[in-house]
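Chemist: Let me give you the structure first, and then I'll get to my questions.
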């Protein structure tokens, strides 16, 4: 038969503690240690999170400060005169030089000395100055220019005899208009 434990003494906390088995104390101690370590790890993680949040706030404040300090770059306005000058330069660069020289060179005989060519891209014409020995050579040259397909109109502007030259050549100026579609 098994022994019976009959205890009629009142239950006090001290008696209850003595009756707890040693394994219960070990398991309880391990539980308390685990809870303490989890609490400590949670506390460390919360501290790291607070540190990261503070760092993020500082970076955000610096970024806002940089954005506020950075001047807004605006596209510079171009004055009308400056735009017109740039457009004029571009038009001069886009002149049909090759076709212009081919047309003038094809019409110029050996009896004509070409002195200058002054193209005007806005008006699509070229002003030329040339010298000839006779007026017949001058007229023939103007007619040859008119026959060039590049030019839509050619006109003699002025002519004069160069008295200062020993050969006394006939110096003349002409304007030749080219078609807009030739550009």
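The values are calculated or read from the model by the stated rules, or taken from the named source; none is laboratory data. Source: prediction; values computed, not measured. Cβ coordinates were reconstructed from backbone atoms using ideal geometry, including for glycine residues, and neighbour counts include every protein chain displayed.
Chemist: Among the residues of the stretch 145-158 satisfying the criterion of being in a strand (DSSP E or B) and within 47 Å of the chain's Cα centre (by Cα), which is farthest from residue 91 (Cα to Cα)?
Modeler: It comes out as 155.
Chemist: Do we find a residue being within 30 Å of residue 125 (Cα to Cα) and in contact (Cβ under 8 Å) with a residue 24 or more places away in the chain anywhere in the stretch 74-86?
Modeler: Checking the stretch 74-86: not a single residue is within 30 Å of residue 125 (Cα to Cα) and in contact (Cβ under 8 Å) with a residue 24 or more places away in the chain.
Chemist: Tell me which residues, restricted to the stretch 99-144, are assigned to a strand (DSSP E or B) and within 23 Å of residue 167 (Cβ to Cβ).
Modeler: 112, 113, 114, 115, 116, 117, 128, 129, 130, 131, 132
Chemist: Okay, next question. Being in contact with a strand residue (DSSP E or B) (Cβ under 6 Å, 6 or more places away or on another chain), touching a residue at least 24 places away in the same chain (Cβ under 8 Å), surrounded by 13 or more Cβ atoms within 10 Å (Cβ to Cβ) and farther than 12 Å from residue 130 by Cα is the filter here, so list the residues in the stretch 148-162 that pass it.
Modeler: Selection gives 150, 151, 152.
Chemist: Something else: From 93, 117, 145, grab the single residue that is surrounded by fewer than 14 Cβ atoms within 10 Å (Cβ to Cβ) and either touching a helix residue (DSSP H, G or I) at 6+ places or on another chain (Cβ under 9 Å) or at pLDDT below 90 (or both).
Modeler: None of the other options fit; the residue is 93.
Chemist: A further question on this structure: Considering only the stretch 61-90, how many residues are exposed (fewer than 10 other Cβ atoms within 10 Å of the Cβ) and part of a helix (DSSP H, G or I)?
Modeler: Selection size over the stretch 61-90: 6.
Chemist: Could you check residue 51 against (1) within 30 Å of residue 122 (Cα to Cα); (2) surrounded by 10 or more Cβ atoms within 10 Å (Cβ to Cβ) and say which number it fails?
Modeler: Every listed condition holds for residue 51 apart from (1).
Chemist: Oh, and also: Among the residues of the stretch 163-183 satisfying the criterion of being under 47 Å from the mean Cα position of the chain (by Cα) and in a strand (DSSP E or B), which is surrounded by the fewest Cβ atoms within 10 Å (Cβ to Cβ)?
Modeler: 177
Chemist: Are any residues in the stretch 120-142 touching a helix residue (DSSP H, G or I) at 6+ places or on another chain (Cβ under 8 Å) and in contact (Cβ under 8 Å) with a residue 40 or more places away in the chain, and if so, which ones?
Modeler: Correct list: 124, 126, 128, 130, 132.
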